[in-house]
1. For the chain, what is the mean residue ellipticity at 222 nm derived from helices alone (per DSSP H run of n ≥ 4: -39500 (n - 2.57); sum divided by total residues; nearest 500 deg cm²/dmol)?
2. Would you order THR5, THR46, THR131 from fewest to most other beta-carbon atoms within 10 Å of each residue's own beta-carbon?
3. So if each residue of separation counts as 0.36 nm, and I subtract the Cα-Cα distance between HIS299 and THR269, what length gain in nm does that give?
4. For the residue pair LYS7 and ALA135, what label-to-label distance in nm results when each label sits 7 Å from Cα along the Cα-to-beta-carbon direction?
5. Between region 76-141 and region 24-74, what is the C-alpha centre distance in whole Å?
6. List every residue whose amide H lies under 5 Å from the amide H of ALA259, counting only residues 5 or more places away in sequence or on a different chain, with H placed 1.01 Å from N in the peptide plane.
7. For region 152-293, what is the convex hull volume of the alpha-carbon atoms per residue, in Å³?
8. Mean projection of the alpha-carbon convex hull of the chain over all orientations, in nm²?
Amino acid sequence: MMDKTWKLMFFFSEFFRDMYTFIRHNGYSPLASRNKKLFYKILIETHTVEKGLSLKEPKPLFGKDKINGIIHMLNEYDRTYSSLPLEMALGAFQGYLDLHRTLGLSDDFLFYLDAYVEHLKRDGTSGNGGTKRAAPWLGNGGLDAKAFLESRSSCRMFQPGKLDSRLLTSLVELAQSAPSQCNRQSSRVHVYQDRAVIAQLLELQGGSRGFAHSVDNLFVVTSEVTAWGGAGQRNQLYVDGALFSMGLLLACHANGLGACPLNLAILNTVEKKICSVGGIEASERLIMMIAVGKPLESHFRAARSPRRLTAEILQLHGG
Ligand SMILES: Cc1cc2nc3c(=O)[nH]c(=O)nc-3n(C[C@H](O)[C@H](O)[C@H](O)COP(=O)(O)O)c2cc1C
């Protein structure tokens, strides 16, 4: 009984610690890096312009105040952190101007925006935003994609050897196709290939006993707290981080690699130790680890992990 009471007490200290981390590093905190906050804020706000442009019938001159706000933030932003906000804004503004040209509309605001676009271009920025054409996956009637999704299994036996850094980069690049809230892309990936460091990290993780010794490549997926602001968003970094992690698992699968997600259901003290061993900043929260490598055999033995009946988890509402 005492043991359970003690365990329940942990909720208070852990939630308190979570609250401190969120308040200290979130996008509203005066203690968080100003430029990083601007980075995320510009991405988020610019995305709302992109979204407006992607509607079937965008409203003429929509979002003028928003665009003025973005321009104001761009003028304050230091692009050495990342040029994406400028590229994204340029693309969105160009899309906005194109739309109004097609509509045959003229307005002082459009002249002003056009001048700002020219200013960005003169500064060497190239557009990378606005809209694009997208389509549902149809390859082989969708069968390829279905078979691909169904064939992934967690791998717990790896060939020894470090994966090439170009391959690792391409895996992360593929994972970046995951959706994220307002396209803010708060997820980050840390890769470890040093056996001693991996051993320490996996010891702290605790769920890879029995195969930790065969892990020569380890991802730690994190999410940057500064990308999130306000109490309503307190859990969203885990949503985006999990989607990104799934993308990374599928990217491994698509490249003939085996991968195993590894939980980070840990106390804050352990999270801190992992960050210290892994050189991860205090403004990042840990999402999960992923062990990755070439599978020991092309058809490796995997836990069956049977799924529940779909009818048990699917509730069809309505008509
Ligand atoms: C967030 C998360 C954490 C996991 N943690 C572990 C872990 O610590 N150790 C492990 O061996 N497997 C871990 N797994 C793998 C699950 O056991 C596995 O995904 C599940 O049984 C379904 O099997 P499948 O991945 O082969 O489809 C984890 C999976 C997820 C999604």
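1. The helix contribution divided over the chain gives -16000 deg cm²/dmol.
2. Least crowded to most crowded, the residues run THR5, THR131, THR46.
3. 6.9 nm
4. 5.4 nm
5. Cα centres, region 76-141 to region 24-74: 13 Å.
6. Answer set, sorted by chain and number: CYS155.
7. 104 Å³
8. Quarter of the Cα hull surface area: 22.4 nm².
Each reported figure results from applying straightforward, stated rules to the coordinates on display, with no laboratory input. As the structure is a prediction and not an experimental result, all values here were calculated from the model. Positions of Cβ are backbone-derived with ideal geometry, glycine not excepted, and every protein chain shown enters the neighbour counts.
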